[in-house]
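My questions all concern the structure below.
The values are calculated or read from the model by the stated rules, or taken from the named source; none is laboratory data. What you are looking at is a predicted structure, and each value in this text was computed from that prediction instead of being measured. Note that we place each Cβ from the backbone using ideal geometry, even for glycine, and neighbour counts take in every protein chain shown. Side chains are part of the model used for accessible areas, which takes the heavy atoms of the whole protein and leaves out ligands, DNA and RNA. Shrake-Rupley method; radii C 1.70, N 1.55, O 1.52, S 1.80 Å.
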Amino acid sequence: MSRLLAPAALLLAASGMAAPALAQPDGAPSLRVVECGAESCLRLSGHRADAGAPVKINGHDIAVTGQHHWTARVPVARLRHWSAPYARSILVSVANEEHSTRLPVGLLGTRGDLAMLVVSVK
């Protein structure tokens with residue numbers, strides 16, 4: 001039976017179906033958009049070997065909670081000031097080790113009011 005399962009496992013691994021959906025490099029922080037009262041925040045979490053090591057986003061120090069496993073919340077409005085317009089990633093530094101972390105699509109785009117929408121049928 002195990003002889004039959006081994007080729008199937010190799011086939012799944014080669015096709016990428018057994019890999020996680022959003023594989024992050026080792027040590028790279030993960031992020032998620034969450035609510036912070038009336039505004040949106042970016043929640044980051046990661047691991048660091050030294051509990052006192054600084055964590056920075058695009059060169060700016062951020063306050064974190066936790067020791068070796070840390071989390072932080074940064075308002076999206078502040079992140080817009082620290083990043084280039086329409087940026088697709090941010091640079092997260094943990095103990096002088098830099099990680100380019102991808103942002104959700106459109107997170108740092110500008111907001112525009114839609115005055116009118118025209119839909120035509122062909």
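Could you say which residue among 66, 46 is loosely packed, with under 14 Cβ neighbours inside 10 Å and at pLDDT 90 or above?
Going through 66, 46 in turn, the sole match is 66.
Which numbered condition in (1) open to solvent by less than 60 Å² (accessible area, probe 1.4 Å); (2) free of Cβ contacts under 8 Å to residues at least 60 places away in the same chain is the only one that residue 104 fails?
Condition (2) is where residue 104 drops out.
Considering only residues that are surrounded by 14 or more Cβ atoms within 10 Å (Cβ to Cβ) and either more than 10 Å from residue 57 (Cβ to Cβ) or under 13 Å from the mean Cα position of the chain (by Cα) (or both), which ones fall in the range 77-88? Walk me through it before giving the result.
Initial filter on the range 77-88 (surrounded by 14 or more Cβ atoms within 10 Å (Cβ to Cβ)): 78-80, 82-83, 87-88.
Of everything in the range 77-88, those that are surrounded by 14 or more Cβ atoms within 10 Å (Cβ to Cβ) and either more than 10 Å from residue 57 (Cβ to Cβ) or under 13 Å from the mean Cα position of the chain (by Cα) (or both) turn out to be 79, 80, 87, 88.
List pairs: first residue in the range 64-88 and in contact (Cβ under 8 Å) with a residue 40 or more places away in the chain, second residue loosely packed, with under 15 Cβ neighbours inside 10 Å and charged (D, E, K, R) anywhere in the structure, Cβ distance under 9 angstrom, at least six positions apart or on different chains.
Hits for this filter: 76/39.
From (1) over 20 Å from residue 107 (Cβ atoms); (2) surrounded by 11 or more Cβ atoms within 10 Å (Cβ to Cβ), pick out the condition that doesn't hold for residue 72.
The single condition residue 72 does not satisfy is (1).
Under 8 Å between Cβ atoms, at least 6 apart or on separate chains: pull out the pairs that start in the range 28-52 with a residue that is in a loop (DSSP other than H, G, I, E, B) and end on any residue that is among the hydroxyl-bearing types (Ser, Thr, Tyr) and at pLDDT 90 or above.
Filtered contacts from the range 28-52: 29/45.
Just one of (1) under 13 Å from residue 31 (Cβ atoms); (2) touching a Pro at 6+ places or on another chain (Cβ under 9 Å) trips up residue 93, so point out which.
All conditions pass for residue 93, except number (1).
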